[in-house]
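K.L.:
Shown below is the structure under consideration.
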Amino acid sequence: AFTLAAGGSIDSLAMPLAALILAMISSVTCAMYTILPAKLIERYGTFYAVGWGMLLAGIFLVPVAKLWIVSGTWDLQTILGFSFVVICGTVIAFGAFLYGITLVGPLVGSVLGLIEPVVAAFASALIMKQVFTVADILKFIKHSVRYTMELWIKTMPTVIITLERSSMKVYLTT
């Protein structure tokens, strides 16, 4: 994302300061939501933790979002579409992500979560006709390979060899 925002140049950043600050806040909260709910999920299950978290967040956001001021027409098709996005695109997707985190751990889950922006970029190219330059595509490939290698290196077994007075011990850790 940084190389896309910088347009391939380290000297400049093609994004407003507010967007940069929000991106930094988003990065911190992303790390927090993969690590903090571990005990809650272990005790109550993924979907209870997600459900209560989203309900409380929704209640706190009502005064900010001003849900009573609605623009547009809210007919049956709009309500069904909105419900689909909320249930499938938020509750189920986030619950599945957190359930995956419980299976593979926060590190592997977060690294695999890095694929999401690449998929979103390709989907925007297919669906919304977003145009990417060759440099952008090469950056996608570079970052995908880099993150895959980081994941592979962090999850591969490590050999520890210790030499003591008259013996050598070899340990294999994961």
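Conditions tested, residue by residue: (1) under 24 Å from Val85 (Cβ atoms); (2) at pLDDT below 80; (3) over 20 Å from the mean Cα position of the chain (by Cα).
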site: Met24; (1), (2), (3): no, no, no
site: Ala31; (1), (2), (3): no, yes, no
site: Thr34; (1), (2), (3): yes, yes, no
site: Ala38; (1), (2), (3): no, yes, no
site: Met54; (1), (2), (3): yes, no, no
site: Phe60; (1), (2), (3): yes, no, yes
site: Trp68; (1), (2), (3): yes, yes, yes
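K.L.:
How do the helices (runs of 4 or more DSSP H) wholly within the stretch 103-174 filter down when requiring 1 or more residues that are modelled with pLDDT of 80 or more and of a type outside the set (Lys, Arg): which remain? Please lay out each step first, then the result.
P.N.:
Values: elements: 106-113, 115-127, 134-155.
Ranges flagged: 115-127, 134-155.
K.L.:
All but one of (1) open to solvent by 60 Å² or more (accessible area, probe 1.4 Å); (2) among the aliphatic types (A, V, I, L, M); (3) touching a residue at least 40 places away in the same chain (Cβ under 8 Å) hold for Leu126; state the number of the condition that does not hold.
P.N.:
(3)
K.L.:
Which of the residues spanning the stretch 80-95 are open to solvent by less than 80 Å² (accessible area, probe 1.4 Å) and either in contact (Cβ under 8 Å) with a residue 12 or more places away in the chain or not small (Gly, Ala, Ser) (or both)? Can you show your working first?
P.N.:
Just the residues of the stretch 80-95 that are open to solvent by less than 80 Å² (accessible area, probe 1.4 Å), to begin with: 81, 83, 86, 88-91, 93-95.
Result: Val86, Cys88, Thr90, Val91, Phe94, Gly95.
K.L.:
Only residues in the stretch 49-73 that are at positive phi count as the first member; pair them with residues that are surrounded by 10 or more Cβ atoms within 10 Å (Cβ to Cβ), Cβ under 8 angstrom, at least 6 apart or cross-chain, and list the lot.
P.N.:
Hits for this filter: Gly72/Thr78.
K.L.:
Please go through the stretch 26-73 and pick out each residue that is hydrophobic (A, V, I, L, M, F, W, C), in a loop (DSSP other than H, G, I, E, B) and exposed (fewer than 10 other Cβ atoms within 10 Å of the Cβ). Quick ask: steps written out before the conclusion?
P.N.:
Going through the stretch 26-73, the residues hydrophobic (A, V, I, L, M, F, W, C) turn out to be 28, 30-32, 35-36, 38, 40-41, 47, 49-50, 52, 54-57, 59-62, 64-65, 67-70.
Subset that is in a loop (DSSP other than H, G, I, E, B): 36, 67-70.
Correct list: Trp68, Ile69, Val70.
The values are calculated or read from the model by the stated rules, or taken from the named source; none is laboratory data. All values reported here derive from a predicted model rather than from experimental measurement. All Cβ positions, even for glycine, are placed from backbone atoms using ideal geometry, and neighbour counts span all protein chains on display. Side chains are part of the model used for accessible areas, which takes the heavy atoms of the whole protein and leaves out ligands, DNA and RNA. Shrake-Rupley method; radii C 1.70, N 1.55, O 1.52, S 1.80 Å.
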